[in-house]
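What follows is a short report on a single structure.
The values are calculated or read from the model by the stated rules, or taken from the named source; none is laboratory data. This one's a predicted model, so the numbers in the text were calculated from it and none came from an experiment. Heads up, the Cβs are rebuilt from the backbone with ideal geometry, glycines too, and the neighbour counts pull from every protein chain shown. Protein only, heavy atoms only, side chains kept; ligands, DNA and RNA dropped before computing areas. Shrake-Rupley method; radii C 1.70, N 1.55, O 1.52, S 1.80 Å.
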Amino acid sequence: MTNDTSLTPEQEGRLLESYRTLTDLARTCRTPAVLAALRGALAELRVALDGSGVELEDYYSHVPAAGARAA
């Protein structure tokens, strides 16, 4: 039995879509506690994807700081 720990293309696509969804939500969220949770989740997801060799540069966009007003 092999221990294959790489992501499948489907898993990678789903994770990147989740990243985009969380980023969009963080961009419009005005609730500080929820925004803080979203920022934490995005940071963890970036670390995990980076550790799996997934290129995130094209998907990264600035997430406003907690308390910042959405445009």
| task | Out of Arg27, Arg39, report the one residue that is in contact with a Ser or Thr (Cβ under 9 Å, 6 or more places away or on another chain), modelled with pLDDT of 90 or more, open to solvent by 50 Å² or more (accessible area, probe 1.4 Å) and not small (Gly, Ala, Ser). | result | Arg27
| So Thr21 clears everything in (1) among the hydroxyl-bearing types (Ser, Thr, Tyr); (2) modelled with pLDDT under 90; (3) under 12 Å from the mean Cα position of the chain (by Cα); (4) open to solvent by 60 Å² or more (accessible area, probe 1.4 Å) except one condition, right? Which one? | (2)
| field | Filter result (of a type outside the set (Val, Ile, Thr) and in a loop (DSSP other than H, G, I, E, B)) within segment 2-36 | value | Asn3, Asp4, Ser6, Leu7, Cys29, Arg30
| Taking the condition open to solvent by less than 50 Å² (accessible area, probe 1.4 Å), at pLDDT below 75, closer than 20 Å to Glu10 by Cα and not hydroxyl-bearing (Ser, Thr, Tyr), does Leu56 pass? | yes
| said: Any residue that is touching a residue at least 40 places away in the same chain (Cβ under 8 Å) and within 14 Å of the chain's Cα centre (by Cα) - is there at least one of those in segment 33-45? | reply: no
